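Below: the structure, in structure tokens.
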Amino acid sequence: MRGAEQPVGEAACHKTDEREIAALFDRWNASLQTNDPKAVAANYAEDAILLPTVSSKPRLTTAERIDYFEHFLQNKPVGAIDMRRIYIGCNTAVDAGLYTFALKARSVDVHARYTYTYRWDGRQWLITSHHSSVLPPSP
């Protein structure tokens, strides 16, 4: 293939950059501040998997993600990225690194690892997988 040509039947790659992908975390974090579990769940593709920080149960459906966020939002969480790497593919992206959640309702900070994978659905970027786990103590 030459240049931006695509095989017949394949969607063109959505042009993006690291700044746009980094802003997806900001969008997700802002949705937490609405305190509306449905607003948070709207960031996820219908077939997404959520492997959350404070639950051992994988969340595979929109209803399960809403249920998780109904409980998580009670902590009044605010996330901040500590370090990240962003990888961009054709209509996909990965944002992985470390973040800290201030759980304001409990006056505690949780340091965790994260990975978000995203897919361009033709209109917007949606989370296809989200894994978060508490950062183990340093040896």
Next item on the list: For region 75-91, state whether one or more residues are under 26 Å from residue 123 (Cα atoms), crowded, with 16+ Cβ neighbours inside 10 Å and free of Cβ contacts under 8 Å to residues at least 40 places away in the same chain.
Entry: no
Notebook entry, point to check: Restricting the first residue to region 115-139 and requiring it to be on the phi > 0 side of the Ramachandran plot, which pairs with a second residue that is in a strand (DSSP E or B) meet a Cβ separation below 7 Å and a spacing of at least six or different chains?
Noted result: none
Note to self: I'd like the full set of residues that are modelled with pLDDT under 95 and of a type in the set (S, T, N, Q), limited to region 104-132.
What the structure shows: 107
Next item on the list: Report the residue count in region 12-50 for those that are touching a residue at least 24 places away in the same chain (Cβ under 8 Å) and under 15 Å from residue 79 (Cα atoms).
Entry: 9
Checklist line | Given (1) touching an Asp or Glu at 6+ places or on another chain (Cβ under 9 Å); (2) open to solvent by 30 Å² or more (accessible area, probe 1.4 Å); (3) not β-branched (Val, Ile, Thr), index of the condition residue 26 fails | finding: (1)
Margin query: Of everything in region 36-74, what is of a type in the set (S, T, N, Q) and open to solvent by less than 50 Å² (accessible area, probe 1.4 Å)? Give them in sequence order.
Written below: 43, 53, 55
Item checked: Given (1) in contact with a Lys or Arg (Cβ under 6 Å, 6 or more places away or on another chain); (2) closer than 20 Å to residue 135 by Cα; (3) in contact (Cβ under 8 Å) with a residue 24 or more places away in the chain, number of the condition residue 94 does not satisfy -> (1)
Check: Counting only residues that are touching a Ser or Thr at 6+ places or on another chain (Cβ under 8 Å), more than 20 Å from residue 13 (Cα to Cα), open to solvent by 30 Å² or more (accessible area, probe 1.4 Å) and not hydroxyl-bearing (Ser, Thr, Tyr), how many does region 111-139 have?
Finding: 4
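The values are calculated or read from the model by the stated rules, or taken from the named source; none is laboratory data. Given the structure is predicted, the values throughout are model-derived calculations rather than measurements. A quick note on method: Cβ atoms are made from the backbone with ideal geometry, for glycine too, and the neighbour counts reach across all protein chains shown. Keep in mind that these areas ignore ligands, DNA and RNA; they rest on the heavy atoms of the full protein, side chains included. Shrake-Rupley method; radii C 1.70, N 1.55, O 1.52, S 1.80 Å.
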